[in-house]
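This report refers to the structure that appears directly beneath it.
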Amino acid sequence: MRLRIPPGVHRPRSDTWLLARAIHDTDLTGATVADLCTGSGALAIAAAQARAARVVATDTSWRAVLAARLNAALNRCAVEVRRGDLLGALGDDRFDLLVSNPPYVPASTDALPQHRSSTPLDGGRDGRALLDRVCREARNHLRPGGSLLLVQSSVCGERETCGLLEAHGMSAEVHARRRGPLGPVLRSRAAKLRARGLLGDADEEDLLVIRGRLAA
Ligand SMILES: C[S@@+](CC[C@H](N)C(=O)[O-])C[C@H]1O[C@@H](n2cnc3c(N)ncnc32)[C@H](O)[C@@H]1O
């Protein structure tokens, strides 16, 4: 995949590529896919390359929207990129698969980064502000039998995500788990997160791809 990452647009990291692998593992032939919080468009492009029939991508940042359009064109992929807030940007559309790598790093405040932020990673004090919204609202944008693939850190709660998906009528399971050192932003906040009980003694986290499924 060829990607241009302009200033102010999130550069894909290991969590992006873990989710991209999960997308490639899924048979998307003829499927419709939406990528929420698309950034550079990497995950939307991964879905298009996995033979999805239609791919929509959303982001609140105009820079990200323009970067995702550019990158889709560079990779000769048809991706409809919309500027808008999470699932709200999807209107009444329903999809076979929703994918997302939302901002999920626990921060010192619940204020979410503005769309011009160059580090669009903060997910509120517990890191769950956007994760929770995706878990609550996903089923309203899924076709029967459809799935959500969400990537997050274990630091912001595996059980919380699975529990919330189940509370909203979906089954939930961990599709992929990769143990590794804390990412640079989490590492820089480790002392404060430990003081708040959000992080144990280990300097490691699990990156998780969680799959939620809506019954057919
Ligand atoms: C962690 S980056 C992930 C980008 C890309 N999906 C990847 O994996 O490389 C999060 C993205 O979410 C976008 N974002 C933040 N809040 C959003 C919201 N409420 N709705 C849609 N996108 C949002 C940011 O602009 C940023 O591009």
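The values are calculated or read from the model by the stated rules, or taken from the named source; none is laboratory data. Worth saying up front: this structure is predicted, and the values here are computed from it rather than measured. With ideal geometry, Cβ positions are generated from the backbone for all residues, glycine too; neighbour counts draw on all protein chains shown.
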Being modelled with pLDDT of 95 or more, over 14 Å from the mean Cα position of the chain (by Cα) and over 29 Å from residue 201 (Cα atoms) narrows 145, 163 down to just 145
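Basic (Lys, Arg) and surrounded by 13 or more Cβ atoms within 10 Å (Cβ to Cβ), is that true of residue 159? Lay out the reasoning, then the answer.
Working: basic (Lys, Arg): yes; surrounded by 13 or more Cβ atoms within 10 Å (Cβ to Cβ): no.
Criteria not met by residue 159.
Could you list all residues from segment 176-210 that are part of a strand (DSSP E or B) and surrounded by 18 or more Cβ atoms within 10 Å (Cβ to Cβ)? Talk me through it step by step, then tell me what you get.
At the first step, the residues of segment 176-210 found to be part of a strand (DSSP E or B) are 176-181, 204-210.
Across segment 176-210, the qualifying residues are 205, 207, 208, 209, 210.
Can you go through 20, 42, 50 and tell me which one is in contact with a helix residue (DSSP H, G or I) (Cβ under 9 Å, 6 or more places away or on another chain) and away from the ligand (no atom under 11 Å from the Cβ)? Let's see the steps before the verdict.
Details: 20 fails: away from the ligand (no atom under 11 Å from the Cβ); 42 fails: away from the ligand (no atom under 11 Å from the Cβ).
Selected residue: 50, the only one of 20, 42, 50 that is in contact with a helix residue (DSSP H, G or I) (Cβ under 9 Å, 6 or more places away or on another chain) and away from the ligand (no atom under 11 Å from the Cβ).
Could you list all residues from segment 102-116 that are surrounded by 15 or more Cβ atoms within 10 Å (Cβ to Cβ) and either modelled with pLDDT under 85 or under 14 Å from residue 185 (Cα atoms) (or both)? Give the derivation first.
At the first step, the residues of segment 102-116 found to be surrounded by 15 or more Cβ atoms within 10 Å (Cβ to Cβ) are 102-107, 112-113, 115.
If the condition is that a residue be surrounded by 15 or more Cβ atoms within 10 Å (Cβ to Cβ) and either modelled with pLDDT under 85 or under 14 Å from residue 185 (Cα atoms) (or both), then 103, 104, 105, 106, 107, 112, 113, 115 are the ones that fit.
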Within 14 Å of the ligand (Cβ to nearest atom), under 19 Å from residue 147 (Cβ atoms) and either at pLDDT 95 or above or not small (Gly, Ala, Ser) (or both): does that describe residue 68? no
Regarding segment 129-150, can at least one residue be identified that is touching an Asp or Glu at 6+ places or on another chain (Cβ under 6 Å), charged (D, E, K, R) and away from the ligand (no atom under 16 Å from the Cβ)? yes
Residue 8: passes all of (1) surrounded by fewer than 23 Cβ atoms within 10 Å (Cβ to Cβ); (2) more than 10 Å from the ligand (Cβ to nearest atom); (3) of a type in the set (Gly, Ala, Ser) but (2)
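To keep it simple, each residue is scored yes or no on (1) within 24 Å of residue 24 (Cβ to Cβ); (2) surrounded by fewer than 19 Cβ atoms within 10 Å (Cβ to Cβ); (3) among the hydroxyl-bearing types (Ser, Thr, Tyr).
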residue	(1), (2), (3)
49	yes, yes, no
52	yes, no, no
59	yes, no, no
62	no, yes, no
69	yes, yes, no
77	yes, yes, no
80	yes, yes, no
83	no, yes, no
90	yes, no, no
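State which residue is farthest from residue 214 (Cα to Cα) when the search covers only segment 162-175 and only residues that are surrounded by 13 or more Cβ atoms within 10 Å (Cβ to Cβ) and without any contact (Cβ under 8 Å) to a residue 12 or more places away in the chain. Steps first, please.
Taking segment 162-175 as the starting set, the residues that turn out to be surrounded by 13 or more Cβ atoms within 10 Å (Cβ to Cβ) are 162-166, 168, 170-172, 174-175.
So of that shortlist, the ones also without any contact (Cβ under 8 Å) to a residue 12 or more places away in the chain come out as 163, 166.
Numbers: 163: 14, 166: 10 Å.
Top of the filtered list is 163.
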Among 121, 74, 66, the single one that is under 19 Å from residue 209 (Cβ atoms) and not small (Gly, Ala, Ser) is 121
